[in-house]
Structures are given as C-alpha cells and as structure tokens.
Amino acid sequence: MELTLKKQIMLTGNKAAAWGARLAGVDYVPAFPITPQTEIVETLSQWFADGHMHGKYTNMDSEHSMFMAAGAAAASGVRVFTAASSQGILFGLEALHTIAGWRVPLVLVNVSRALATPITLEPDHNDVLSLRDTGIIQLHAETAQEVLDYILMAYRIAEDPEVCLPVLVNLDGFYLSFTREPVVLPDEAEVRKFLPLFKPSQPVFQASEPMARASAVFGGGNYSYFKIQHHLAAQNVVNIYQKVAQEFGERFGRFYGAVERYRLDDAEYVFVMSNSFATKGKAAVQRLRKNGIKAGLLKLSLLRPFPSQIIGDALVHRPKVAVIDQNLAPGMGGILYPEILKAVYRREDRPQHLLSVIGGLGGRDIQEGDFISILQRLDQEPGDDPLFLFDEKDLKQFDQLRQIAGFPREARVP
C-alpha cells in the first residue's frame, strides 16, 4: 500500500486533537471549556464558524449536559466528538457511565489534570483513571502525533460492530496539551479510505421507526446480561485494536501497538510508563545504556481494556521492573501497579522484583535523579512499600511556603 502524506506542521497536543476531529469528519461537537482542554473546542468552534467544518457545534452549560448530548447524538446515528478534563470529567461521571451503557460509538478526548483538593492546573492521571470502570475504551498518547492518529483509530474502534462503545484518547495537560511538536497531517482523501463517513451498525433513533433505548430492567439476570455483553464488547477491542493499528500503519507509515517495547530485548531494568512522561523515561534509558546499564521501557498505550496477555509477554524474563504510576489511590497506592502485578502473577518467569513507584503527581517533574533512585530501590530486597518520588528539594520548596504562611517546619519526606 503506497504511503500518502499531506504536510508536516507544528501543533500543540490540543491543536492535534482538533485536527483529528476535523479529519475524522465529525458531525456534532457538544462543548464546555475547562483548562487545559479549552484550546481544542475553541479551535473547533472557529472552524465551524469559518465553514471549514460542517455540522453542529453547541456550547453546553456543563460537562454533564455535554456528555448526555454527545451520547444522545451518537444514538441518533451521527459521528460525535467532545473533550473534557479533570473536575469536568468528575462532574459528568454519571453521564459517562450512562452513555457507555447505551453502547454508542463516539470519541472523547481527556486532557489530564490533577484533581482537587488541593486544586491545580498541572497533570497527573487520577482524572482519567477515575473512568476505568465505566466501560469506556482508553488510549493514552505520548506525542501530539499520537493524539491525532489515535483519534482516527478511535473512531474505527468505536464504530466497529463488535464494539459500539465510546473511546477516550488521553493526553497530558500542559506537558503535551500546550507543547508544539512536528505533526504529519495525513491526506484527507486517504483518511476517508481508512475512516469512511459514519454509517451506524447499531440501531439508531429515527422518527419513522420508534424504539426504546436504555430502558429500566428488573431482575438481576436481565441486568447481568447487559453488563456481561458490555464486558465482552470491551474485550473484543484487544484484537480489533491490533487490526486497526496494522491497517493504519500500512496506510500512513506509523504503527502503534497496544504497548511499545522500547529497548526491552536485553533489558535487566524496566520502567513501565504511559503518556508524555514516557518520553522522559526513554531519555533516561538512553543515558543509562551509555553508562552500561541495560535499561528498557514498556509504554502502555491501550489501558482499557487492559491487555494483560500482551503486557505479561513483554515483562517475562525481565528481572527488575518498576511500575511508575502518575496517580495515587489514598490508602491503596498506585492504581496501575496491581493490574501489572496481576498480568505477571501466574508467569513462572515473572520479574523477580516488581516495584511500585508513585510520581509525577500534580505535574511534579520526573528527572534523571529519580530514575537513578528507582534503580537503587530495584537493587534492594523487594518490599511492600511504594517508592514516592518526593525528595529533599520538594520538601525545601514546601517548607518555604509554610514559612511564608507563618508555620514552623513539620513536613517530612515520605
């Protein structure tokens, strides 16, 4: 298959998301602004106003209304796109559970921002991982190019008759949302071959054919039927994703696996990461390799459904593995660590040391010294306690704020 490229331009992660929606030929965009996502819907609103996009753009009064409008429009048989972030995701959480249960295909972008309290504008992944049990499919992007490409792939996955579910594409706020990177815009005609205009495979609302959808059910057996069907549809995505990714790679020259194995072949130390901070992890791997340390990285791209078999296959024979969670479930720890643990638990050749690392909270940078600290911890005897990436420098900065507020030093490094 001959590769076709349109042009390469500099785009922020947000602008790449907007271009993904535009190239996908979306029909309807319900929107509500929230930092750091607003640039996406601002860009789309301007394109609708200028006639570059055709369809309907509607400003809603909240994320809850926005998600319900998105689901209702998808149920009527149009291609829908929307975007949100952080507290907005939580405000609309009821609606997201609801529309996922409707089994309607649409694409949602989340620009990750840490959750209150305390309130911040910088990223971690507690917002997007709060959706892990909604039944919404999740793809996590490292670069602006991945943001655009994943949106196109997401529509193919969502609209597959074996899926018919919302798909979320996640990107990190600020680190990626407002960072300009070179992005190849694919030729629109070639995109139409990969992603034809939407023809729904599921029943849709039509005035000429009245129907009921999302009706109340009574009896646990009836409820269980719908939930199990939802679960099986989500499981179908693992194979469908790989087929879609293969076709995308053949057509556009960029292949995205459910995970990326970066220098894993002979790795003795492995960092498991996702999203934009995986770039920092790759740079750390390169530095460690130059110093004779056999390091590698496993990047998670498909997080829901969780590709346990693929992840387990990637981590076998790797002696020391650190799962770096940019999230925190208070009282439990990192959210992804137990899922990785489950993926390797029954493997006889599982890692000898699987370390839980919690860092990047509220946008806290993960630097070269942090990766060295992780390696040092991996060389110690395995234990149950996670490694928190919070050091004396962080403590000193916090103590300065305490002193400004008139409080004595009491904070300590965890």
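The values are calculated or read from the model by the stated rules, or taken from the named source; none is laboratory data. Note that the structure is predicted; figures quoted are calculated from it, not measured. Every residue, glycine as well, gets a Cβ built from its backbone with ideal geometry; the counts of neighbours run over all protein chains shown.
When the test is whether a residue is closer than 18 Å to N110 by Cα and among the hydrophobic types (A, V, I, L, M, F, W, C), F81 passes it.
Summed over the stretch 228-248, the residues that are touching a residue at least 24 places away in the same chain (Cβ under 8 Å) and either charged (D, E, K, R) or on the phi > 0 side of the Ramachandran plot (or both) give a count of 1. Could you go through the stretch 160-179 and let me know if any residue there is more than 26 Å from E94 (Cβ to Cβ) and surrounded by 23 or more Cβ atoms within 10 Å (Cβ to Cβ). Yes, that holds for at least one residue. The single condition among (1) assigned to a loop (DSSP other than H, G, I, E, B); (2) more than 19 Å from the chain's Cα centre (by Cα); (3) of a type in the set (F, W, Y) that F371 does not satisfy is (1).
Residues being assigned by TED's automatic domain parsing to the domain that holds S86, at pLDDT 95 or above, within 27 Å of E188 (Cβ to Cβ) and touching a Leu at 6+ places or on another chain (Cβ under 7 Å) are represented in the stretch 111-125 by at least one member. In the stretch 95-137, how many are within 18 Å of I324 (Cα to Cα) and out of contact with any His (no Cβ under 7 Å at 6 or more places or on another chain)? Matching residues across the stretch 95-137 total 12.
All told, G362 meets the bar of being in a helix (DSSP H, G or I) and either under 23 Å from L115 (Cα atoms) or β-branched (V, I, T) (or both).
The numbered conditions (1) under 25 Å from V169 (Cβ atoms); (2) surrounded by 14 or more Cβ atoms within 10 Å (Cβ to Cβ); (3) over 16 Å from the mean Cα position of the chain (by Cα) are all true for A283 except (2).
Counting only helices (runs of 4 or more DSSP H) that fall entirely inside the stretch 1-79 and contain at least 3 residues that are surrounded by 24 or more Cβ atoms within 10 Å (Cβ to Cβ), in contact (Cβ under 8 Å) with a residue 24 or more places away in the chain and not β-branched (V, I, T), the qualifying elements are 13-24, 63-75. If you check I293, I335 for being within 30 Å of F398 (Cα to Cα) and among the aliphatic types (A, V, I, L, M), only one passes: I335.
One residue stands out in the stretch 102-129 among those that are of a type in the set (G, A, S) and in contact with a Gly (Cβ under 7 Å, 6 or more places away or on another chain): the one that is surrounded by the most Cβ atoms within 10 Å (Cβ to Cβ), namely S112.
In the set (1) surrounded by 11 or more Cβ atoms within 10 Å (Cβ to Cβ); (2) within 30 Å of the chain's Cα centre (by Cα), the condition left unmet by R402 is number (2). Of the residues R156, R132, the single one that is buried (at least 18 other Cβ atoms within 10 Å of the Cβ) and among the basic types (K, R) is R156. Do we find a residue being outside any strand (DSSP E or B), modelled with pLDDT of 95 or more, in the same structural domain as R377 (by TED's automatic domain parsing) and more than 18 Å from L168 (Cα to Cα) anywhere in the stretch 236-244? No, the stretch 236-244 contains no residue that is outside any strand (DSSP E or B), modelled with pLDDT of 95 or more, in the same structural domain as R377 (by TED's automatic domain parsing) and more than 18 Å from L168 (Cα to Cα). Examine the stretch 376-391 for a residue that is more than 20 Å from the chain's Cα centre (by Cα), among the small types (G, A, S) and assigned to a loop (DSSP other than H, G, I, E, B), and state whether such a residue exists. Looking through the stretch 376-391, at least one residue is more than 20 Å from the chain's Cα centre (by Cα), among the small types (G, A, S) and assigned to a loop (DSSP other than H, G, I, E, B). Does G359 satisfy the condition of being touching a helix residue (DSSP H, G or I) at 6+ places or on another chain (Cβ under 8 Å), surrounded by 16 or more Cβ atoms within 10 Å (Cβ to Cβ) and not acidic (D, E)? The answer is yes for G359. Close Cβ contacts (under 8 Å, 6 or more residues apart or on different chains) running from residues in the stretch 119-142 that are under 21 Å from V272 (Cα atoms) to residues that are basic (K, R) and surrounded by fewer than 20 Cβ atoms within 10 Å (Cβ to Cβ) comprise Q138/R132. Cβ-Cβ distances below 6 Å connect the following pairs, each with a first residue in the stretch 313-330 that is closer than 22 Å to R113 by Cβ, a second residue that is of a type in the set (S, T, N, Q) and in a helix (DSSP H, G or I), and a separation of six or more residues or different chains: N327/N126.
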